[in-house]
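Asks: Take a look at this one; I'll ask things after.
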Amino acid sequence: MFKRIWIIFLSRNREFYRDRSGFGWNIIFPFFIIIGFSLIFNQNQRTEYKIGVVGDENKIKKEITLQYNNFRESKFIEFLPMENIESGKQKLGHHRIDLLIDPEHGVYWKSESSPKSYHAEKILQAGNYRPDKESFIAGTVEGREIPYIEWLFPGILGMNMMFSALFGVGYAVVRDRRHGVLKRLSVTPLAPFEFLTAHIMSRMFALFITTSIVYAGCSLLYNFENRGSYLSLILIFSLGGFSMISLALIIASRSSSEEFAGGALNLLSWPMMLLSEVWFSLEGARPWVKNVARLFPLTHLTEGVRKIMNDGASLYDIRYNVIALTVMSVLFLAAGSILFRWRKAD
Amino acid sequence: MTPILEVSDLKKTFPGVKAVDGVSFSIEPGICFGLLGPNGAGKTTTIEIIEGILKPDSGIILYRNEKRGKTFKEEVGIQFQNTELPQYLTVFETLKTFRTLYTRKANLDWIVDVCHLTEILNRDNRKISGGQKQRLLLAIALTNDPELIILDEPTTGLDPQARRHLWDIVKGIKESGRTIILTTHYMEEAEILCDNIAIMDYGKIIDKDSPENLLLKYGDGATISIKSETPEKIINAVSCDVYKIEDTIEIHTNSLNECIQNLAHAGADLSNMTVRTPNLEDVFLKLTGHTLRA
């Protein structure tokens, strides 16, 4: 059994690295994106201020109602609801928002190291026409800015893994079924379980190699810092990759139409790419959009990697992401294995 | 002698088509058994049921007097009519990959030698000619040192030279004592390679015997072939079996002199006429009423 898995694993790996165009694309594509976005966002084109809001906005402290309302009416300012004060402070510390405000208790926090936070504070203070009256109580938060490119990087890695997993496995298995390769293998002693295991192992290996190269390359280029443990990072990447490969196996389980597989894989990958916070945060999005995003493995992968890399989170801190990815992996793999057929139904 | 394979009353229906309709035959060890029939006769369906790829609606298949078990895949070598191979592998890597899938293993040097693959061993399996690919597919079918080898139309699409090359290889494999099941629609191939033949059409076996016995049974008389622009004149002139194959009229007759005299009297142009003894194709025409290459 192990010899059979090993030889199919080797055969798949040879296909992966000998297909120069596919191999190159897997590595070069994320570099292009990172370099492109770093050029774009280094030009400081983002001019609006982002204010995190905690507490109930319907229960604004009476004494600061006028000041707060004036602040809210100011132009070029986006108000984003925060889950709680801690997560708001974390975002403020990373310069993801410029000010954190709690209108219910009349408190706000600014980042001492952020010029934009200073200006946002000035705009807030300008809304108080009667300085003699009670105003907001000011607090400060320490922290280092997480540039957009550093925030984007885990998302790009996750997205690259998603495309490699979905298309590298889903499309390849369907193509092999269509061309009769699976039919040929089906009359050998190779069991479906052995075949699927070899495919998963091979793609995991490929993901590990390409992700490591991209990670190392981008770290050298941009001095990205991983604030968490590399072991945690490898684990969350492995779980994320495994869950997305398993998802691809469902698409690849029966179809022999490359057109169908391509369509189904695009149908999966595009919403994941748009809603899994690869490019932008869903903080301001509607609740149902956020709920849908929670169903995607890429969301949990991106979120987990960001928490580790940007916030230095431990495995315990990202336990919900780990659990979600594990459950998804088991469900997808079980469904893919049960549905799998060597060839299209008679 | 116990047959290596016995097939009894095999039936398989696809929507609207009875692909296999009560097929039965048995194969003695060490022979080459041919399933002969035109495209759509049910040969490949029968073979795929034996291989375990398709499930029959009914019927029994016994391998060495027992139902096919887990060892069947280990002991049978298969070459499909059309199949692609795992990509980006050399010929040698392809052979090694398939060989590793089996517990039983043939000697790689023997396979390479018998299938004449030495010169292309390091070539990408996608960059070899049609004849070389068929030889590679045959070699893959041998990687498990099989007792029974199933070859589904192995020479379809090959040029005459490549076809004869493959026949020589199959003859060599047969001489090593292995049993071969061969499907083909080439008469010459069946006559050269097969010890026993089952003629199939519309999902049924019409007759089965050795090529010699089939010719003795159905191949009496002579076959006259005439290329004619006025076939009606010929058809009306004779009272025996007449078949039109493309632009040629074929007449099967037991009274050669009488038939030629009738044709001459009818004013048929006999300048392109050829007369030959019957072959398997004539047997097939006689049994089914239509040409094998239809």
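The values are calculated or read from the model by the stated rules, or taken from the named source; none is laboratory data. Given the structure is predicted, the values throughout are model-derived calculations rather than measurements. Every residue, glycine as well, gets a Cβ built from its backbone with ideal geometry; the counts of neighbours run over all protein chains shown. Side chains included, ligands, DNA and RNA excluded: accessible areas come from the protein's heavy atoms. Shrake-Rupley method; radii C 1.70, N 1.55, O 1.52, S 1.80 Å.
Asks: Would you work out which of A:Ile245, B:Leu35, B:Asn254 lies farthest towards the positive end of the dipole of the protein assembly as shown, given +1 charges on the beta-carbon of Lys and Arg and -1 on that of Asp and Glu, about the Cα centre?
Replies: After comparing all options, I get A:Ile245.
Asks: Then there is this: Please report the antiparallel percentage of the DSSP beta bridges confined to the protein assembly as shown, to the nearest 5.
Replies: 55
Asks: Continuing with the same structure: Quick one: order A:Leu221, B:Leu142 from most to least accessible surface, probe 1.4 Å.
Replies: Heavy-atom accessible area, descending, gives A:Leu221, B:Leu142.
Asks: Let me ask you something else. In whole Hz and in residue order, list the ³J(HN,Hα) couplings for the stretch A:60-67 that follow from phi through the Karplus curve 6.51 cos²θ - 1.76 cosθ + 1.60, θ = phi - 60°; x for Gly and Pro.
Replies: Working through the residues one at a time gives 5, 4, 3, 5, 10, 4, 5, 4 Hz.
Asks: OK, next. Please identify the GluC sites (Glu not before Pro) of the stretch A:121-224 that satisfy two criteria: DSSP loop assignment and at most 10 other Cβ atoms within 10 Å. Which are they?
Replies: A:Glu142
Asks: Let me ask you something else. Classify the stretch B:104-202: rounded, prolate or oblate, from the alpha-carbon gyration tensor (a ≥ b ≥ c, eigenvalue square roots; a/c under 1.5 rounded; otherwise prolate if a/b is larger than b/c)?
Replies: Oblate, since a/c reaches 1.5 and b/c is not below a/b.
Asks: I want the antiparallel fraction of DSSP beta bridges within chain A, as a percent rounded to 5.
Replies: 25
Asks: On to the next question. Based on the alpha-carbon gyration tensor of the protein assembly as shown and its eigenvalue square roots a ≥ b ≥ c, which shape applies: rounded if a/c is under 1.5, prolate if not and a/b is larger than b/c, or oblate?
Replies: Prolate is the answer for the protein assembly as shown, as a/c is 1.5 or above and a/b outweighs b/c.
Asks: For the stretch B:5-216, what does the relative contact order come out to in percent, with C-alpha contacts under 8 Å and a separation of six or more?
Replies: Answer for the stretch B:5-216 is 31 percent.
Asks: Ranked by accessible surface with a 1.4 Å probe, highest first, in what order do A:Ser256, A:Ser337, B:Ser271, A:Ser269 come?
Replies: Order by accessible area, largest first: B:Ser271, A:Ser337, A:Ser256, A:Ser269.
Asks: What residues qualify as long-range amide H neighbours of A:Tyr108, i.e. H under 5 Å apart, gap of 5 or more or another chain, H built at 1.01 Å from N?
Replies: A:Asp102, A:Ile137, A:Gly139
Asks: Let me ask something else. Exposed loop GluC sites (Glu not before Pro) only (DSSP loop, at most 15 other Cβ atoms within 10 Å): please give the longest stretch of chain B free of them, not including the sites.
Replies: That gives B:1-228 as the longest site-free run.
Asks: Okay, moving on. Let me check something: with ligands and nucleic acids excluded, how do B:Tyr218, A:Tyr230, A:Tyr17 order by accessible area (1.4 Å probe), largest to smallest?
Replies: Ranked from most to least accessible, the order is A:Tyr230, A:Tyr17, B:Tyr218.
Asks: Nearest 10 degrees, 0 to 90: what angle lies between the long axis of helix B:91-100 and the longest principal axis of chain B (Cα atoms)?
Replies: 70
Asks: Please sort by residue number the trypsin sites (Lys or Arg not before Pro) in the stretch B:123-161 whose DSSP state is loop and whose Cβ has at most 13 other Cβ atoms within 10 Å.
Replies: Listed in order of number, the matching sites are B:Arg126, B:Lys127.
Asks: Let me ask another. Find which of A:Thr299, B:Gly52, A:Leu231 sits farthest along the positive direction of the dipole of the protein assembly as shown, computed with +1 on the beta-carbon of Lys and Arg, -1 on that of Asp and Glu, about the Cα centre.
Replies: The residue sitting farthest along the positive end of the dipole is A:Leu231.
Asks: In addition: In terms of the Cα gyration tensor, with a ≥ b ≥ c the square roots of its eigenvalues, is the stretch B:5-216 rounded because a/c is under 1.5, prolate because a/b exceeds b/c, or oblate?
Replies: Judged from the Cα gyration tensor, the stretch B:5-216 comes out prolate (a/c at least 1.5, a/b above b/c).
Asks: Let's see if you can work this out: charge +1 on each Lys and Arg Cβ, -1 on each Asp and Glu Cβ, no other charges. What is the dipole magnitude of chain B about its Cα centre, in debye to the nearest 20?
Replies: So the magnitude is around 1020 debye.
Asks: What are the residues whose amide H is under 5 Å from the amide H of B:Ile150, where those residues sit 5 or more places off or on another chain and H is modelled from the backbone?
Replies: Sorted by chain and number, the residues that satisfy this are B:Gly77, B:Ile78, B:Gln79, B:Ile181.
Asks: Right, something else. Given only helices, namely DSSP H runs of n ≥ 4 each adding -39500 (n - 2.57), what is the per-residue ellipticity at 222 nm of chain A, to the nearest 500 deg cm²/dmol?
Replies: Per the formula, -20500 deg cm²/dmol.
Asks: Under 13 Å Cα to Cα from B:Lys286, which aspartates and glutamates show up? Leave out anything in the same chain fewer than 8 places away.
Replies: Here the aspartates and glutamates satisfying the reach criterion relative to B:Lys286 are B:Asp201, B:Asp207, B:Asp220, B:Asp241, B:Glu250.
Asks: Against the empirical 2.2 N^0.38 Å scaling, what ratio does the C-alpha Rg of the stretch B:221-277 come to?
Replies: Dividing the Cα Rg of the stretch B:221-277 by 2.2 N^0.38 Å gives 0.95.
Asks: Peptide A:185-194: average number of partner chain Cβ atoms within 10 Å per residue?
Replies: Mean partner-chain Cβ count within 10 Å for A:185-194: 5.
Asks: Could you tell me the center-to-center distance, by alpha carbons, between the stretch B:132-181 and the stretch B:41-65 in angstrom?
Replies: 20
Asks: Can you give me the long-range amide H partners of B:Gly22? Hydrogens built in the peptide plane at 1.01 Å from N, cutoff under 5 Å, separation of 5 or more residues or another chain.
Replies: B:Leu10, B:Lys11, B:Lys12
Asks: Among DSSP beta bridges whose residues both lie in chain B, state the antiparallel percentage, nearest 5.
Replies: Bridges in chain B that DSSP calls antiparallel: roughly 65 percent.
Asks: Using a 1.4 Å probe on protein heavy atoms only, how many Å² of accessible area do B and A hide from each other, summed over both chains and rounded to 100?
Replies: 2500
Asks: To continue, here is another question. Give me the accessible area per residue for the stretch B:5-216, probe 1.4 Å, as a whole number in Å².
Replies: 41
Asks: Would you tell me the accessible area of A:His300, worked out with a 1.4 angstrom probe on the heavy atoms of the protein chains, in Å² to the nearest 10?
Replies: Probe radius 1.4 Å; accessible area of A:His300 about 10 Å².
Asks: Also: Just name one of A:Ala206, A:His105, A:His95: the one whose Cα is farthest towards the positive end of the charge dipole of the stretch A:68-214 (beta-carbon charges, Lys/Arg +1, Asp/Glu -1).
Replies: Value computed over the given set: A:Ala206.
Asks: Another question, if that's okay. Could you tell me the relative contact order of chain A? Use alpha-carbon pairs under 8 Å, at least six residues apart, and round to a whole percent.
Replies: Relative CO of chain A lands at 20 percent.
Asks: What dipole magnitude, in Debye to the nearest 20, does the stretch B:221-277 give about its Cα centre under +1 on Lys/Arg Cβ and -1 on Asp/Glu Cβ?
Replies: Here the size comes out at about 120 debye.
Asks: Still on this structure, please answer the following. Hey, any idea what % of the stretch B:221-277's accessible area is carbon plus sulfur with a 1.4 Å probe?
Replies: C and S fraction of accessible area: 45 percent.
Asks: A follow-up question, please. Please report the relative contact order for the stretch A:221-346, taking Cα pairs under 8 Å with a sequence separation of at least 6, and give it as a percent rounded to a whole number.
Replies: Computed value for the stretch A:221-346: 48 percent relative contact order.
Asks: Residue by residue through the stretch B:117-134, which ³J(HN,Hα) values in whole Hz follow from phi under the Karplus form 6.51 cos²θ - 1.76 cosθ + 1.60 (θ = phi - 60°), with glycine and proline marked x?
Replies: 10, 3, 6, 10, 4, 9, 8, 4, 5, 8, 10, 10, 6, x, x, 5, 5, 5
Asks: Anyone know which of A:Lys307, A:Lys50, A:Lys183 comes out most mobile in the 10 Å Cα GNM of chain A?
Replies: Greatest mean-square fluctuation among the candidates belongs to A:Lys183.
Asks: Still on this model: Looking at the stretch B:1-92, which trypsin sites (Lys or Arg not before Pro) are in a loop (DSSP not H, G, I, E or B) and have at most 12 other Cβ atoms within 10 Å?
Replies: Of the trypsin sites (Lys or Arg not before Pro), the ones in loops of the stretch B:1-92 whose Cβ has at most 12 other Cβ atoms within 10 Å are B:Lys70.
Asks: Along the stretch A:317-323, what does the Karplus equation 6.51 cos²θ - 1.76 cosθ + 1.60 (θ = phi - 60°) give for ³J(HN,Hα), rounded to whole Hz, x for Gly and Pro?
Replies: 5, 9, 4, 5, 5, 5, 5
Asks: Of the residues A:Gly155, A:Gly241, A:Gly127, which exhibits the maximal mean-square fluctuation in a Gaussian network model of chain A defined by a 10 Å Cα contact cut-off?
Replies: A:Gly127
Asks: Now a separate question. Have a look at the stretch B:83-131 and report residues whose accessible surface goes down by 30 Å² or more when the remaining protein chains are included, against the chain on its own, probe 1.4 Å, ligands and DNA/RNA excluded.
Replies: B:Thr83, B:Glu84, B:Pro86, B:Gln87, B:Tyr88, B:Leu89, B:Glu93, B:Thr97, B:Phe98, B:Thr100, B:Leu101, B:Tyr102
Asks: Could I ask something else about it? Under unit Cβ charges (Lys, Arg +1; Asp, Glu -1), what dipole magnitude, rounded to 20 debye, does the protein assembly as shown have relative to its Cα centre?
Replies: 1820
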